Amino acid sequence: METQILIIEDEPNVAAFISQGLQESGYKVFVAYDGTNGLELLKQKEIDLVVLDIILPGIDGREVAQNIRSLGYENLPIIMLTALGTTENIVKGLDAGADDYLVKPFKFKELLARIRARTRKKGVLGNTIHKLTIEDLELDIDAKIVKRAGVEINLTSTEFRLLEYLLKNKNRVSTRINILESVWDINFNMGTNVVDVYVNYLRNKIDKKHDTKLIHTVIGMGYVIKSE
């Protein structure tokens with residue numbers, strides 16, 4: 001079955017440009033010009049990925065992403081398009097539920113690469129590892145639950161992916177580039193400090209209330225999760 005993509009973009013020229021390119025690349029495409037119609041299309045069609053503009057009439061892209069997640073589409077990949085490439089705006093988009101972002105103007109081949117990465121990741125099943133642990137921290141991959149000392153910790157989808165990556169590489173230093181490519185599947189603009197922001201988010205939730213710190217900075221290299 002062909003991959004079905006929903007584009008939510010209020011600029012007709014941009015929507016047509018993306019739609020044509022994706023159709024020529026073998027995807028089935030649906031287009032909505034505002035968030036309300038986009039959410040309705042999502043309910044009606046079997047959508048595999050959403051390309052979502054952040055600036056929309058009515059409800060903006062961040063609210064649309066939040067609505068998508070609240071409707072139960074927890075694993076549906078969302079690539080957010082934004083004209084604002086600052087770390088603050090990127091983090092706001094990711095916090096709202098987006099998996100990736102692309103700053104306008106962009107090259108179509110870059111968007112296509114990110115779509116391919118996201119749809120490939122969706123198709124990778126059969127992982128024999130179901131739980132990851134270190135000390136009293138436990139991550140359940142299937143149930144999407146994280147606990148420390150038996151207490152459940154509420155993480156966003158991005159924080160969960162970052163913690164999962166660190167745990168899969170525990171006791172091994174991961175550079176910022178490693179983390180960007182593995183957690184977000186693509187090279188982010190290295191001028192941003194998105195990785196540092198999310199590591200700090202994790203530290204506040206995972207380590208702050210505990211004497212034993214698990215997430216460590218290796219100066220000049222990156223980050224590692226390990227016992228003290």
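Which residue pairs have Cβ atoms closer than 7 Å, lie 6 or more positions apart in sequence or on different chains, and pair a first residue in the stretch 166-183 that is under 21 Å from residue 213 (Cβ atoms) with a second residue that is at pLDDT 85 or above and open to solvent by 60 Å² or more (accessible area, probe 1.4 Å)? Cβ pairs passing all conditions: 170/226; 171/226; 173/221; 175/221. Out of the residues in the stretch 190-212 meeting the condition of being at pLDDT 85 or above and assigned to a loop (DSSP other than H, G, I, E, B), tell me which one is nearest to residue 116 (Cα to Cα). Among residues in the stretch 190-212 that are at pLDDT 85 or above and assigned to a loop (DSSP other than H, G, I, E, B), the one nearest to residue 116 (Cα to Cα) is 207. Consider the stretch 65-112 and keep the residues that are under 27 Å from residue 145 (Cβ atoms) and aromatic (Phe, Trp, Tyr). The one that is surrounded by the most Cβ atoms within 10 Å (Cβ to Cβ) is 101.
Per the listing 227, 182, 157, the residue uniquely in contact with a helix residue (DSSP H, G or I) (Cβ under 7 Å, 6 or more places away or on another chain), among the small types (Gly, Ala, Ser), open to solvent by 40 Å² or more (accessible area, probe 1.4 Å) and at pLDDT below 90 is 182. Condition first: under 15 Å from residue 78 (Cβ atoms), free of Cβ contacts under 8 Å to residues at least 60 places away in the same chain and part of a strand (DSSP E or B). Can you find one or more residues in the stretch 22-35 that meet it? Yes: one or more hits.
Here residue 3 fits the description: hydroxyl-bearing (Ser, Thr, Tyr), touching a helix residue (DSSP H, G or I) at 6+ places or on another chain (Cβ under 7 Å) and open to solvent by 10 Å² or more (accessible area, probe 1.4 Å). The residues of the stretch 9-60 that are within 20 Å of residue 103 (Cα to Cα) and of a type in the set (Ser, Thr, Tyr), listed by number, are 19, 33. Would it be correct to say that residue 16 is within 24 Å of residue 180 (Cβ to Cβ), in a helix (DSSP H, G or I), modelled with pLDDT of 90 or more and open to solvent by less than 60 Å² (accessible area, probe 1.4 Å)? No. Of (1) farther than 19 Å from residue 35 by Cα; (2) within 17 Å of the chain's Cα centre (by Cα); (3) among the acidic types (Asp, Glu), residue 140 satisfies all except one. Which? It is condition (2) that residue 140 fails.
Considering the stretch 45-80 alone, what residues qualify as being among the acidic types (Asp, Glu) and free of Cβ contacts under 8 Å to residues at least 60 places away in the same chain? Passing the criteria: 46, 53, 60, 63.
If you filter the stretch 19-60 down to residues that are of a type in the set (D, E, K, R) and within 19 Å of residue 111 (Cα to Cα), you find that the one that is most open to solvent (accessible area, probe 1.4 Å) is 24.
Results for (1) within 22 Å of the chain's Cα centre (by Cα); (2) closer than 20 Å to residue 83 by Cα; (3) not basic (Lys, Arg), shown as yes or no for each residue.
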residue: 9; (1), (2), (3): yes, yes, yes
residue: 17; (1), (2), (3): no, yes, yes
residue: 22; (1), (2), (3): yes, no, yes
residue: 25; (1), (2), (3): no, no, yes
residue: 48; (1), (2), (3): yes, no, yes
residue: 56; (1), (2), (3): yes, yes, yes
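Across the stretch 47-73, the number of residues qualifying as closer than 19 Å to residue 115 by Cβ and part of a loop (DSSP other than H, G, I, E, B) comes to 4.
The values are calculated or read from the model by the stated rules, or taken from the named source; none is laboratory data. Here the structure is a predicted model, which is why all the values come from computation and not from measurement. Cβ: placed from backbone, ideal geometry, glycine included. Neighbour counts: every protein chain shown. Just the protein is used for accessible areas: all its heavy atoms, side chains included, with ligands, DNA and RNA removed. Shrake-Rupley method; radii C 1.70, N 1.55, O 1.52, S 1.80 Å.
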